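The values are calculated or read from the model by the stated rules, or taken from the named source; none is laboratory data. These numbers were taken from a predicted model, which means no experiment stands behind them. When we count neighbours, we look across all protein chains shown, and the Cβ atoms used for this are built from the backbone with ideal geometry, even at glycine.
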Amino acid sequence: MKDKNYLDRDLLRFTTAGSVDDGKSTLIGRLLYDSKSIFEDQLASVEATSKKKGLSHIDFSLLTDGLKDEREQGITIDVAYRYFSTPKRKFIIADTPGHIQYTRNMITGASTANLALILIDARKGVIEQTKRHSFIASLLQIKHIVVCVNKMDLVEYSQSRFDEIVDEYEDFAAKLEVEDIRFIPISALHGDNVVDRSKNLNWYQGSTLLHTLENIHIGSDRNMKDCRFPVQTVIRPHSDEYHDFRGYAGRVESGIFKVGDEVTILPSGFNSKIAKIIDNEKEVQSCFPPMSVVVTLEDDIDLSRGDMIVRPNNQARASQDIDFMMCWMGNEAFDPQKKYTVLHTTNKVRCVIREVLYKVDINTLHRQEEDKLIAMNDIARVKIRTTKPLLIDSYTQNRATGSLILVDEATNNTVAAGMII
Amino acid sequence: MSNSLSHLKELEAESIFIIRETFAQFNKPAILFSGGKDSIVLTHLAKKAFWPAKIPFPLVHVDTGHNFPETIAFRDKLVEEFGVNLVVGSVQKSIDDGKVAEEVGINATRNRLQITTLLDTIEENQYDACMGGARRDEEKARAKERFFSHRDEFGQWDPKNQRPELWNLFNGLKHFGENFRIFPISNWTEMDIWQYILLEKIEIPQLYFSHKRRCYVRNGTIISENGFQELKENEEVKEMQIRFRTLGDITITGAVESDADTLEKIIGEVATARNTERGGRADDQRSETAMEDRKKEGYF
């Protein structure tokens with residue numbers, strides 16, 4: 001049977017960003033179409049709408065722009081999630097708008113991604129938007145960037161033009177913290193090097209885009225070293241069979257836990273050992289990220305939501321003073337006089353703003369220490385003090401224990417994302 | 001042993017995390033149970049999330065009164081097996097109470113009437129979070145839905161004012177009277193659901209498997225004979241070999257002609273399917289934005 005290998009498949013989440021005319025929708029449409037993830041009724045509906053709009057080609061953006069306003073205005077406003085799979089992998093695309101006024105959506109899409117796909121128009125080369133997307137990928141600690149130099153057909157499939165763009169990008173990327181950057185010359189419109197190798201680009205020795213996405217190694221991207229298990233909730237069955245059962249439900253955010261391991265409970269500091277690990281209604285010997293499990297301890301210790309299980313010799317830092325890079329997402333400007341609610345792992349606390357250190361120009365990466373007015377989509381370095389210590393690591397070390405969000409106490413809206421330094 | 005998960009195990013872990021967040025962040029959550037495969041998988045995930053404790057939420061079923069009898073029998077069996085509470089919101093009762101009026105005309109359905117019954121059931125029972133089995137791959141308006149979807153005190157969805165959802169930090173804070181719809185299996189596709197049903201040996205209603213049934217064809221959709229809809233002049237009931245890809249109200253759920261009588265065959269069929277599973281749903285075909293419009297009013 002065709003899908004017999006469904007158990008061996010893994011999952012890759014990637015983000016794209018782009019504006020109306022750089023071919024992003026065409027590229028996504030091509031990936032979905034060539035991997036047979038677009039159905040006839042979807043295609044028929046998109047074809048009909050394209051015709052109604054007077055277009056001669058199929059406008060693939062109509063597939064991803066799902067909301068009425070987006071379709072009417074012809075722009076992507078919100079993050080759209082798209083899915084496709086090949087026999088090797090399942091893919092989740094977080095498709096985000098590229099314009100500066102949607103920085104917050106790009107950050108949202110990037111926050112869960114393993115990889116960022118960046119599109120460059122071969123005629124235009126590296127532009128402000130390219131730098132912005134790359135900076136966001138770096139800020140959010142995405143480990144892999146695939147740069148697609150698109151519209152190669154419009155520069156006569158020129159190798160020297162491609163090399164020029166690669167040089168230009170590498171020059172700028174030296175300032176970023178991304179370990180793995182790859183370049184692929186493509187034409188999304190004609191399908192060159194998207195799924196199939198291109199005869200027009202014989203000088204290119206590397207892989208096609210789909211082959212790259214299918215084979216890029218993400219297994220070692222997860223932090224398997226620092227054991228962090230934030231407790232979500234306590235499981236007490238109150239049944240005869242499990243009368244004294246007291247389990248801690250949560251997800252392994254990093255590190256590997258094994259039955260018998262010595263552990264420390266934060267913030268209390270008590271030590272115990274792992275008695276049982278339960279996954280999928282069965283006892284297992286070990287667990288690793290991103291498994292959702294139930295853990296029991298050998299000693300009777302009172303744990304609750306917000307506590308964290310770690311190893312005695314490798315603990316998260318407990319701190320009330322937190323220094324982080326903040327992306328402001330609220331409609332109203334940031335008000336340093338207000339108190340905000342902080343959500344971090346499974347904890348909820350309140351905070352006051354201690355200091356705004358500087359704002360970052362997202363296009364040039366320059367620090368602005370004079371202008372500290374923060375509006376929607378601005379990125380700034382901020383210090384806060386919380387009502388209770390949070391159990392933190394730096395974001396570069398740990399995406400889960402290094403990230404937080406701020407919530408406005410009047411509206412309950414999520415107004416900022418933070419990456420702890 | 002390798003320390004990496006297959007895509008199905010990773011999706012399972014993500015859904016369980018979200019179900020537990022729902023339990024921890026809300027006072028009175030519930031599972032919206034339709035009897036279809038997605039809500040069955042969701043209920044199984046909820047069981048895994050709290051084992052060895054029981055599922056700590058009731059199952060809420062909005063009953064249009066136009067059901068497949070098999071769905072109701074399946075629901076009652078599952079409720080008993082899992083030891084959960086069942087709460088039924090009845091569209092018939094909403095009609096009898098004069099809160100909604102039955103649609104008239106040949107294509108009349110109770111699909112839209114469900115919204116009122118659902119909102120009333122949520123209000124009466126004071127549920128502050130209702131988990132549903134909707135998936136983002138189902139429909140274009142759903143592709144932009146959040147895991148934690150905020151609804152105002154009228155149950156309405158405002159697609160332009162959704163909270164950004166970053167990392168795995170889910171913001172369930174709300175004002176009194178507001179509630180959330182929560183979609184733990186957002187990232188699953190139809191194929192993932194079928195593969196998981198096979199992998200975990202999850203029991204599903206026989207309606208999903210190929211069987212003989214008396215049906216008629218309306219606007220290109222195969223509808224089961226049901227006794228609720230009048231036939232048009234050119235329509236005729238005949239026996240067909242069919243199965244259902246989705247299960248909803250019997251008057252709008254389209255069947256496909258199929259010989260797939262095992263899960264393996266169904267997966268083979270899904271892999272080569274040329275139309276989306278909701279392609280057979282008359283409720284989505286009313287207009288290009290039918291789903292978005294219903295969602296804004298408070299639909300799942």
Query raised in the report: Across segment A:173-189, what is the total count of residues that are surrounded by 15 or more Cβ atoms within 10 Å (Cβ to Cβ) and part of a loop (DSSP other than H, G, I, E, B)?
Result: 5
**Report entry** Residues that are crowded, with 22+ Cβ neighbours inside 10 Å and in a helix (DSSP H, G or I), drawn from segment B:24-37
**Finding:** B:25, B:37
Requested in this report: Of the conditions (1) within 19 Å of residue B:192 (Cβ to Cβ); (2) within 14 Å of chain A (Cβ to nearest Cβ); (3) outside any helix (DSSP H, G or I); (4) not hydrophobic (A, V, I, L, M, F, W, C), residue B:44 clears all except one; give me its number.
Outcome: (3)
**Report entry** Boolean, residue B:144 is within 20 Å of residue A:104 (Cβ to Cβ), free of Cβ contacts under 8 Å to residues at least 12 places away in the same chain and either of a type outside the set (Val, Ile, Thr) or not assigned by TED's automatic domain parsing to the domain that holds residue B:92 (or both)
**Finding:** no
Query - Test for residue A:137: is it at pLDDT 95 or above, closer than 19 Å to residue A:360 by Cβ, more than 14 Å from chain B (Cβ to nearest Cβ) and under 11 Å from the mean Cα position of the chain (by Cα) - result: no
Report task. With respect to residue A:310, determine if the residue is of a type outside the set (D, E, K, R) and within 14 Å of chain B (Cβ to nearest Cβ). Result -> no
Report task. Test each condition in (1) more than 9 Å from every other protein chain (Cβ to nearest Cβ); (2) buried (at least 22 other Cβ atoms within 10 Å of the Cβ) for residue B:187 and report the one that comes out false. Result -> (1)
Query - Selected residue (criterion: nearest to residue A:231 (Cα to Cα)) from residues of segment B:24-41 that are within 14 Å of another protein chain (Cβ to nearest Cβ) and within 20 Å of the chain's Cα centre (by Cα) - result: B:29
Query raised in the report: Before we move on, is residue B:139 crowded, with 16+ Cβ neighbours inside 10 Å and touching a residue at least 60 places away in the same chain (Cβ under 8 Å)?
Result: yes
Requested in this report: Taking the options A:305, A:228, name whichever one is more than 10 Å from chain B (Cβ to nearest Cβ) and basic (Lys, Arg).
Outcome: A:228
Report summary line: The condition of being of a type in the set (S, T, N, Q) and either within 11 Å of chain A (Cβ to nearest Cβ) or within 17 Å of the chain's Cα centre (by Cα) (or both) holds, among B:179, B:219, B:168, only for B:168
Report task. Would you point out the residue of segment B:55-73, among those that are modelled with pLDDT of 95 or more and of a type outside the set (A, V, I, L, M, F, W, C), that is surrounded by the fewest Cβ atoms within 10 Å (Cβ to Cβ)? Result -> B:56
Query - Subset of segment A:98-156 (residues that are assigned to a strand (DSSP E or B), under 30 Å from residue A:220 (Cα atoms) and either without any contact (Cβ under 8 Å) to a residue 24 or more places away in the chain or of a type outside the set (Val, Ile, Thr) (or both)) - result: A:115, A:116, A:117, A:119, A:144, A:148, A:150
Query raised in the report: Among the residues of segment B:5-19, is any in a helix (DSSP H, G or I) and within 14 Å of residue B:130 (Cα to Cα)?
Result: yes
Query raised in the report: Scanning for something within 12 Å of chain A (Cβ to nearest Cβ), basic (Lys, Arg), over 22 Å from the mean Cα position of the chain (by Cα) and crowded, with 20+ Cβ neighbours inside 10 Å, does segment B:142-155 turn up at least one residue?
Result: no
Query raised in the report: If residue B:112 passes every condition in (1) within 14 Å of chain A (Cβ to nearest Cβ); (2) surrounded by fewer than 19 Cβ atoms within 10 Å (Cβ to Cβ); (3) under 20 Å from the mean Cα position of the chain (by Cα) but one, which one does it miss?
Result: (1)
Report summary line: When segment A:295-345 is checked residue by residue, the ones that are of a type in the set (A, V, I, L, M), crowded, with 20+ Cβ neighbours inside 10 Å and either touching a helix residue (DSSP H, G or I) at 6+ places or on another chain (Cβ under 6 Å) or free of Cβ contacts under 8 Å to residues at least 40 places away in the same chain (or both) are A:329
Query raised in the report: In segment A:241-324, which strands (runs of 3 or more DSSP E) lie fully inside it and hold 3 or more residues that are within 25 Å of the chain's Cα centre (by Cα)?
Result: A:247-251, A:308-310
